[in-house]
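Since the structure comes first, as structure tokens, the remarks are kept for the end.
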Amino acid sequence: MAMLPFCGYNMADYFAHWLEMGKKIPKPPKIFHVNWFRKGAGGKFLWPGYGENVRVLKWILERVEGRGAAQETPIGYVPANGGLTLDGMKISDDSLNELLRVNPADWEMELEDAKQFLVKFGARLPREIREEHAKLSKRFQHLVIA
């Protein structure tokens with residue numbers, strides 16, 4: 001989204017270009033999302049920070065190698081219980097559970113914001129992106145209904 005003001009052509013075409021490129025890559029890279037800045041109820045960061053980030057990076061490398069213990073969520077996989085190496089680290093079970101929690105209520109606004117963003121591209125938005133957003137929304141609906 002930050003690229004919008006700087007892109008010299010329609011972003012829907014830009015998205016289509018990268019989707020097409022992805023089809024040509026025999027071994028596409030794995031994609032991971034990390035939120036180092038998630039805060040708890042008291043407003044303090046849940047993850048201790050910089051020196052401990054290597055623990056998450058280690059889990060990512062393990063996942064790429066097919067070894068990292070993971071739990072499936074509507075947004076992808078998060079470290080399973082015991083999946084992160086936490087030896088010597090001072091983090092409560094409650095904080096760790098909160099860090100890894102994927103709460104549908106937290107995602108309602110995110111899904112709506114993403115939908116409004118994608119609507120801006122009209123009919124030029126690649127079908128695959130629209131479908132992926134719909135599948136993500138459906139995974140959360142299934143979780144709420146179930």
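When you look at S137, is it open to solvent by 50 Å² or more (accessible area, probe 1.4 Å) and polar (S, T, N, Q), yes or no?
Considered against the rule, which asks whether it is open to solvent by 50 Å² or more (accessible area, probe 1.4 Å) and polar (S, T, N, Q), S137 comes out as no.
Given the conditions (1) within 24 Å of D106 (Cα to Cα); (2) over 21 Å from the mean Cα position of the chain (by Cα), and given that N10 satisfies all but one, which numbered condition is not satisfied?
(1)
Which number in (1) among the aliphatic types (A, V, I, L, M); (2) over 27 Å from W107 (Cα atoms); (3) not in a helix (DSSP H, G or I) marks the one condition that M21 misses?
(3)
May I ask you to say which residue of K90, K39 is in contact with a Pro (Cβ under 9 Å, 6 or more places away or on another chain) and not β-branched (V, I, T)?
K90
Being open to solvent by less than 50 Å² (accessible area, probe 1.4 Å) and at positive phi narrows it down to one of G68, G40, G49, so name that one.
Only one candidate passes the filter, namely G49.
Of all the residues that make up region 76-132, how many are open to solvent by 100 Å² or more (accessible area, probe 1.4 Å), assigned by the TED database to the domain that holds W47 and touching a residue at least 24 places away in the same chain (Cβ under 8 Å)?
So the answer is 1.
Give the residues of region 59-85 that are out of contact with any helix residue (DSSP H, G or I) (no Cβ under 7 Å at 6 or more places or on another chain) and more than 23 Å from L136 (Cα to Cα), sorted by residue number.
W59, L61, E62, E65, G66, R67, N81, G82
The values are calculated or read from the model by the stated rules, or taken from the named source; none is laboratory data. All figures in this text were calculated on a predicted structure; none of them were measured in a lab. Here the Cβ is made from the backbone with ideal geometry for all residues, glycine too, and neighbour counts use every protein chain on show. Keep in mind that these areas ignore ligands, DNA and RNA; they rest on the heavy atoms of the full protein, side chains included. Shrake-Rupley method; radii C 1.70, N 1.55, O 1.52, S 1.80 Å.
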